[in-house]
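A short worksheet on the structure shown next.
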Amino acid sequence: MTDIGLLTYALVAISGLYLLTQYLKPSKYKLSDIPTVGGPSLPILCFAGAWRFLKDGPGIIQEGYDKYKGGSFKFYTPGGWHVMITGPKLLEELRKAPDDQLSFDEATNITLQIPYTLGSAIHENAYHVPLVRSQLTRNIAAVFPGVRDEMVAAFNDVIPASSDGWTKVRAYNSIQEIVCRVSNRLFVGKPTCRIPEYCKVNITFTIDVVKCAAIINLFPDILKPMLTSVQRSIDRAQTHLKPIITERFQMMAQYGDAWPDKPNDFLQWLMDVAEGEERTVRALVLRILVLNFAAIHTSSNTFTHALYYLAANPEYIQPLREEVEEVVAEHGWSKASVGRMRKIDSFLKESQRLMGLGAMTMTRQALQDFSFSDGTFVPAGTLVSTPQLAVHLDSGLYEDPGEFRPWRFAEMREPEGEGTKHSMVSTSVDYVAFGHGRHACPGRFFAATELKTMLAHIAVNYDVKMEREGEHPPWSFFASALVPNTNAEVLFRKRQS
């Protein structure tokens with residue numbers, strides 16, 4: 001047997017022992033009162049449920065939701081038991097639970113394996129998150145002209161369509177490039193955001209994080225450091241960012257807080273507040289990589305799904321086009337004008353309702369034993385979530401929930417007092433694509449503005465369709481994560497005036 005074969009067998013054996021120890025932890029027995037779905041709950045046999053979860057996580061979660069709606073259920077994953085709570089009452093209790101009891105941060109640490117995929121400093125000192133909530137959100141209007149300028153340039157470069165005929169575009173890759181450039185116009189500014197090698201580093205890092213997190217979760221802690229590539233990514237990104245950071249530190253030392261033409265971008269916001277080790281070039285480069293991971297992964301997936309809906313149903317382009325042209329004719333291009341585009345907003349929100357990032361959301365780790373009001377007991381160390389996709393497909397909450405109705409949320413906003421309640425960035429117990437409560441996605445306000453501007457740009461500048469009329473490219477799941485079709489092609493043609 002080869003050395004590689006021996007290593008493979010060793011890794012499998014160690015991982016099997018790890019899964020067994022996960023099951024045999026004493027706290028696991030305290031979950032026995034919660035109904036099990038997806039497979040047997042007996043020792044050893046429960047591993048069949050973990051395998052099924054990898055293959056059909058949404059099916060397991062939907063099965064539990066159908067049987068135990070309003071209550072709770074559990075299923076087995078490669079990382080151990082996972083508890084799912086359902087219904088508005090329990091969801092509100094999950095939302096309101098103190099962080100020292102049900103922790104969002106620790107759950108994210110486990111799900112993304114942050115020490116190995118993003119670096120331990122990101123988990124220990126997430127100082128960039130308050131900046132997303134404050135500086136980024138407050139500055140959306142101010143940075144909008146630059147962001148839109150980059151978006152127009154990126155579309156022209158990445159999708160060189162003409163009005164003479166149709167141009168075939170591999171949608172997912174193209175959208176990743178555009179989102180990367182637009183996001184980095186805000187993160188690090190021009191011209192860095194337009195350097196192909198720099199964008200490639202960030203896109204590759206994003207893909208690596210997603211893949212590595214899924215793989216690392218299958219292995220015990222002792223093997224996890226072997227599976228990370230975060231340091232190599234920092235090295236590559238540092239080539240592009242080190243000169244910029246060094247120059248800015250020199251300007252800060254010379255002029256203080258205010259200096260001529262001081263950049264108004266996320267890198268500068270980080271540099272203004274970073275302390276200690278976080279003021280090093282390497283630490284700042286890592287923060288930019290992390291921001292790119294969050295922006296590229298979520299926004300690219302979300303927009304790709306929406307583009308597929310539009311290309312499969314090109315009759316929706318005209319209503320979107322008319323709305324955009326009417327708003328822009330009166331108000332021009334701005335954050336405020338994009339906010340007036342209710343059909344654009346509704347189209348993206350409806351796409352996100354059906355094609356969110358996955359089958360579950362609002363994941364928390366119990367840092368201490370926790371009981372819900374219905375008696376559901378969650379022992380310390382357990383992960384608990386709510387079923388995103390099942391909620392969004394609930395016929396008690398949405399009429400014809402499996403049908404894509406692009407103006408669904410625009411119509412819901414028509415009655416008096418409902419204007420903002422059903423916008424894309426609004427969260428509720430019925431709509432949890434961005435989570436809900438104080439830990440709802442802090443970057444959703446910028447992301448929504450970015451995605452709506454991109455959709456509006458397509459509506460007024462292009463015709464789009466699928467090669468096979470009306471065909472929506474098939475999507476897939478890995479465990480509970482929803483993955484858009486990464487190979488499907490969309491036909492673009494510059495709008496014929």
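Given the pairs Lys67/Lys89; Lys55/Lys224; Lys55/Lys168; Lys168/Lys465; Lys200/Lys335, which are separated by over 20 angstrom at their Cα positions?
Distance filter (> 20 Å) returns Lys55/Lys224; Lys55/Lys168; Lys200/Lys335.
Distance in nm between label sites at Lys242 and Glu197, each 7 Å beyond Cα in the beta-carbon direction?
Output for this residue pair reads 1.2 nm.
Using Cα centres only, tell me the gap between the range 423-477 and the range 281-310 in whole Å.
Centre-to-centre (Cα) distance: 13 Å.
Report the gain in length on full extension from Asp235 to Gln496: 0.36 nm times residue separation, minus Cα-Cα distance, nm rounded to one decimal.
Separation in residues times 0.36 nm, less the Cα-Cα distance, equals 89.4 nm.
Quick one: check the C-alpha center-to-center distance for the range 40-82 versus the range 128-148, whole angstrom.
If you average the Cα positions of each part, the centres end up 40 Å apart.
Calculate one ³J(HN,Hα) per residue across the range 325-341 by plugging θ = phi - 60° into the Karplus curve 6.51 cos²θ - 1.76 cosθ + 1.60, and present them in order as whole Hz with x for glycine and proline.
These are the phi-based 3J(HN,Hα) values: 5, 5, 5, 5, 4, 8, 10, x, 9, 7, 4, 5, 5, 4, x, 7, 8 Hz.
Only bridges with both residues in the chain count here: give the DSSP antiparallel percent, nearest 5.
Counting DSSP beta bridges with both partners in the chain, the antiparallel share is about 85 percent.
Check cross-link reach from Lys349 to the lysines: straight Cα distance under 16 Å, and skip same-chain residues fewer than eight apart.
Counting by Cα, and skipping residues close in sequence, Lys349 has these lysines nearby: Lys421, Lys452.
By its C-alpha gyration tensor, with a ≥ b ≥ c as the square roots of the eigenvalues, how is the range 43-201 shaped: rounded for a/c under 1.5, else prolate for a/b larger than b/c, else oblate?
Taking the square roots of the gyration eigenvalues as a ≥ b ≥ c, the range 43-201 is prolate.
Using the count of nearby Cβ atoms within 10 Å as a rough guide to exposure, how do Thr108, Thr363, Thr204 rank from fewest to most?
Thr204, Thr108, Thr363
Identify the GluC sites (Glu not before Pro) of the range 201-292 meeting these criteria: DSSP loop state and at most 11 other C-beta atoms within 10 Å of the C-beta.
Sites meeting the loop and neighbour criteria: Glu275.
Straight-line reach from Lys30: which lysines have Cα under 20 Å away, leaving out those fewer than 8 places along the same chain?
Lys74
Can you sort Ile203, Ile458 from fewest to most other Cβ atoms within 10 Å of each residue's own Cβ?
Neighbour counts put them in this order, fewest first: Ile203, Ile458.
Given the -39500 (n - 2.57) contribution per DSSP H run of 4+ residues, what per-residue ellipticity at 222 nm results for the chain, rounded to the nearest 500 deg cm²/dmol?
-16500 deg cm²/dmol
Looking at the range 368-452, which trypsin sites (Lys or Arg not before Pro) are in a loop (DSSP not H, G, I, E or B) and have at most 15 other Cβ atoms within 10 Å?
For trypsin sites (Lys or Arg not before Pro) across the range 368-452 that sit outside H, G, I, E and B with at most 15 neighbouring Cβ atoms in 10 Å, the list reads Lys421, Arg438.
For a quick check: sort Asp105, Asp463 by the number of other beta carbons within 10 angstrom, fewest at the front.
Asp105, Asp463
Using modelled amide H (1.01 Å from N, peptide plane; none on Pro or chain starts), what sits under 5 Å from the amide H of Gly358, excluding residues fewer than 5 places away?
Result for Gly358 returns Leu482.
Where a number appears in this text, it was derived from the coordinates with a stated rule and is not lab data. As the structure is a prediction and not an experimental result, all values here were calculated from the model. So basically every Cβ, Gly included, is an ideal-geometry build from the backbone, and we count neighbours across all protein chains shown.
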